[in-house]
Amino acid sequence: MVETSSQNQAGMYSVGVREHVMVAHSFEGELFGPAQRLHGHTYVVDVEFRRAELTAEGVVVDIARAHTALRAVLDALNYRNLDELTELRGHNTTTEFLSRLIFDRLRERIAGGELGPGSDALRSLRVTLHESHVAWACFEAPL
């Protein structure tokens, strides 16, 4: 038997899921140059779930449930003009802002038990939005 106790080895296990979301938006402010005009993105969204100990089944979290939760969060944004969403008015929906928004909405689903038994032991979550192959932003925090 291989010893995997965190008492003997400090560290974290992680598992990730990936999806994509297509949105349109515009920004306010000189900093954004031509992006002040309406434009679109197909973001690749990576979410990493972390915990110190595996469940009795030997997993970090049920990957299928994690993917379903992510898809549900993204469905509320998919094929939408973010400028038209009441809850986002007054915000520049930058990649950084959206990574935090997705984090917060996933955290609510985790707290609600949607990721199944053992998900209450998740320690942290990292959300990465890739806006292209050369640029991305993340939000990461403890749960």
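At-a-glance table
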| quantity | calculated |
| --- | --- |
| Gain upon complete extension [residue 28, residue 123; 0.36 nm per residue less C-alpha separation] | 30.6 nm |
| Given charges at beta-carbon only (K, R positive; D, E negative), |dipole| of the chain in Debye | 60 |
| From the coordinates shown, mean projected area of the Cα convex hull in nm² corresponds to which of (i) 19.1; (ii) 10.0; (iii) 8.3 | (ii) |
| Backbone N within segment 102-124 under 20 Å of label point (7 Å from residue 78 Cα along the Cβ vector) | 102-110, 114-115 |
| Between 0 and 90°, nearest 10: helix 95-111 axis offset from the chain longest Cα axis | 40 |
| Value at 222 nm in deg cm²/dmol, rounded to 500, when DSSP H runs of n ≥ 4 in the chain each add -39,500 (n - 2.57) | -7000 deg cm²/dmol |
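Any read-out appearing in this document is the output of simple, stated calculations on the displayed coordinates, not a laboratory observation. It should be emphasised that the depicted structure is a prediction, and the values quoted were computed from it without experimental measurement. Please note: Cβ atoms are built from the backbone with ideal geometry, for glycine as well, and neighbour counts cover all protein chains shown.
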